[in-house]
Amino acid sequence: MLFAITLALGNLLLAHPLALQILKWGGAAMLCWMAWRIAAAGPADETTSAPAGFLRMAAFQWANPKGWLIGVAAVATFLDHRGGTLGQAVIFAILFTLVALPSCFPWLAFGAALQRLLRTPRARRILNRAMAALLAASTIFAWARV
């Protein structure tokens with residue numbers, strides 16, 4: 001996904017700084033909206049079905065708005081104005097894969113352990129609000145760089 005975003009948006013962002021600012025503000029606004037939705041969410045529906053299996057979950061990431069925001073933010077932040085987008089797209093994809101894969105395993109283990117503690121609706125609500133506050137707080141970095 002990062003490779004595709006770099007190829008698609010790289011030249012646009014290099015040529016039009018206003019587009020970069022619009023993407024940053026739009027991304028920050030979307031993260032705040034998502035934080036509000038998480039904080040205000042009711043109890044989880046136990047019948048919700050998610051894609052099962054590695055390939056389906058990998059394909060599902062293309063519909064994940066946070067994945068798109070991360071990709072656009074990475075391109076906007078790290079794209080070098082002196083280089084071509086193809087070579088940088090390859091480098092971004094390799095580096096992000098090397099960093100993301102080992103980072104996912106502790107996150108998954110933490111989620112599995114945390115699931116045992118979230119047996120009551122109150123505990124889930126507290127976690128949702130805490131995670132929503134952290135998500136909203138993460139936009140401060142976007143605003144600070146604008």
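The values are calculated or read from the model by the stated rules, or taken from the named source; none is laboratory data. As the structure is a prediction and not an experimental result, all values here were calculated from the model. Every residue, glycine among them, receives a Cβ derived from its backbone with ideal geometry; neighbour counts consider all protein chains shown. These accessible areas exclude ligands, DNA and RNA; they are computed on the full protein's heavy atoms, side chains included. Shrake-Rupley method; radii C 1.70, N 1.55, O 1.52, S 1.80 Å.
Could you tell me whether the range 13-32 includes any residue that is part of a helix (DSSP H, G or I), under 25 Å from Leu135 (Cβ atoms) and in contact with a Gly (Cβ under 7 Å, 6 or more places away or on another chain)? Looking for residues that are part of a helix (DSSP H, G or I), under 25 Å from Leu135 (Cβ atoms) and in contact with a Gly (Cβ under 7 Å, 6 or more places away or on another chain), one finds none in the range 13-32, hence no. Filtering Ala35, Ala19, Ala28 for residues that are open to solvent by less than 30 Å² (accessible area, probe 1.4 Å), in contact (Cβ under 8 Å) with a residue 12 or more places away in the chain and over 24 Å from Met57 (Cβ atoms) leaves a single hit, Ala28. Looking at Gly71, Gly87, Gly83, just one residue is of a type in the set (Gly, Ala, Ser) and in contact with a helix residue (DSSP H, G or I) (Cβ under 8 Å, 6 or more places away or on another chain), and that residue is Gly71.
What number of residues within the range 65-83 are farther than 9 Å from Thr6 by Cβ and either open to solvent by less than 50 Å² (accessible area, probe 1.4 Å) or part of a helix (DSSP H, G or I) (or both)?
The initial filter retains those residues of the range 65-83 that are farther than 9 Å from Thr6 by Cβ, namely 65-70, 72-73, 76-78, 80-83.
Now restrict to residues that are either open to solvent by less than 50 Å² (accessible area, probe 1.4 Å) or part of a helix (DSSP H, G or I) (or both): 65-70, 72-73, 76-78, 83.
Total meeting the criteria: 12.
Of all residues in the range 108-135, those that are at pLDDT 85 or above have Cβ atoms under 9 Å from Cβ atoms of residues that are exposed (fewer than 10 other Cβ atoms within 10 Å of the Cβ), 6 or more apart or on another chain, in Pro121/Gly42; Pro121/Pro43; Arg124/Pro43; Arg125/Gly42; Arg125/Pro43.
Residues being open to solvent by 60 Å² or more (accessible area, probe 1.4 Å) and in a helix (DSSP H, G or I): count how many of those fall in the range 110-125. Break it down stepwise before answering.
Residues of the range 110-125 that are open to solvent by 60 Å² or more (accessible area, probe 1.4 Å), as a first pass: 110, 115-117, 119-122, 124-125.
Those left that are additionally in a helix (DSSP H, G or I): 110, 115-117, 121-122, 124-125.
Number of matching residues: 8.
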